[in-house]
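For reference, the structure is listed below as structure tokens.
The values are calculated or read from the model by the stated rules, or taken from the named source; none is laboratory data. Treat the numbers as computed from the prediction; the structure is a model and nothing was measured. Note that we place each Cβ from the backbone using ideal geometry, even for glycine, and neighbour counts take in every protein chain shown. What goes into the accessible areas is simple: the full protein's heavy atoms, side chains included, and nothing from ligands, DNA or RNA. Shrake-Rupley method; radii C 1.70, N 1.55, O 1.52, S 1.80 Å.
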Amino acid sequence: FECMYVVCNGQVEQQMRPFSLYSAIAFVVCWTLFVLLMCYLISSRDTSLTNEEAISKIEAKIDNFDARNIRVLEQIRDELKVIENVVLDTNGAVRHGDQPRAVGTERPLLPARVQHPAPVIPVLVMACNRPSYTQRALDSLLKHRPSPRLFPVYVSQDCGHQPTADVISKYGSQITHMKQPNQSGFGLTGKKKAQEGYYKISRHYRWALGQVFSHNYSSVIVTEDDIEVAPDFFSYFSSLWPLLASDSSLLCVSAWNDNGKESRIDIKGNDLLYRSDFFPGLGWMMTRDLWSELLPKWPDSFWDDWMREPDQRKGRYTHTHAHAHAHAHAHAH
């Protein structure tokens, strides 16, 4: 199976060869069933059974094996849909036949030639002590997640709040629950004592990002426990991942638009993609390379304000969409 998206002569071309994959799967399944049936009939026949009982037993084994293969084929089908949707439709940032351009410039957003397989992009959800918000956020992610393999979800919990931990545990193997082990204070005094929460948040982000990148992912999508995502959240990030991976002028990609109110955007501008010099956070994707750059100097507090400073931004931009693809419960939308 081969899948890549090539941008050439102003066109986004999708080159896929799924037919050979389907043929191979069908052949392997049929041949395996045939071999198992023959082996069973030749070497495993229970002479104490009648012919009818033996046939029923064989049919039950075949049905069980067939059910397992159907589940495998369904998973492959779902992942193929993700790959086929890497180039967004008219509700996304990149359309077939269109070459998007950076706002205010004549430079195309896409390089002359981009070839990338569909990546595995983990989603990191930052949680603490808001069980109802956490449940809404996870329900939203899992509802719209097209593939558990391509988008594994990690929930990192700070605070040691048991009701929130109980909510997270209900999702079982659908997510990975991580617990920030360091719950110690910072020994702050005076005015800084009132800011201790910001110190804990920064420490939590440093630990959680380090945990996710320890699994050798090339990028990560970061959200928080008060964020619900749009139906096209995952296709949005899948489509922009090749840009982030290949364009050194980009700091990150964000699904949040601070100006995403109806009165401030073009409602019909589903294909508008902006470059912003402001880091918005709240549903964003970063690369491993950026994390390696930021880790040695990660701040003790106010990490998001720190990300907006020139020493971190270094003239790089954030890609954001005209329409917000993430909605925060506790923020104006």
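Structure above, values below:
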{"item": "Where only C-alpha atoms are counted, convex hull volume of segment 226-271 per residue in Å³", "result": "117"}
{"item": "12 Å beta-carbon shell around R130, net charge (K/R +1, D/E -1)", "result": "-3"}
{"item": "Listed residue pairs exceeding 26 Å between alpha carbons, taken from K200/K261; K170/K261; K179/K314; K192/K297; K200/K297", "result": "K200/K261; K170/K261; K179/K314"}
{"item": "Surface per residue (accessible, 1.4 Å probe) for segment 201-258, Å²", "result": "29"}
{"item": "For segment 131-139, 3J(HN,Hα) per residue [Karplus equation, 6.51 cos²θ - 1.76 cosθ + 1.60, θ = phi - 60°, Hz, x = Gly/Pro]", "result": "x, 5, 5, 4, 5, 4, 5, 5, 4"}
{"item": "Ranked packing of 189-198, 204-213, most packed first, by mean Cβ within 10 Å", "result": "204-213, 189-198"}
{"item": "For peptides 122-133, 139-150, sequence by mean Cβ density within 10 Å, most packed first", "result": "122-133, 139-150"}
{"item": "L251, L188, ranked by accessible area, largest first (probe 1.4 Å)", "result": "L188, L251"}
{"item": "Paired Rg and Dmax values of segment 147-289, which use every Cα atom, in angstrom", "result": "17.5, 52"}
{"item": "For segment 183-241, alpha-carbon Rg and Dmax in angstrom", "result": "16.2, 48"}
{"item": "Convex hull volume of segment 207-333 per residue (C-alpha atoms, cubic angstrom)", "result": "117"}
{"item": "Test item: Cα-centred dipole of segment 126-254, Lys/Arg +1 and Asp/Glu -1 on Cβ, debye", "result": "420"}
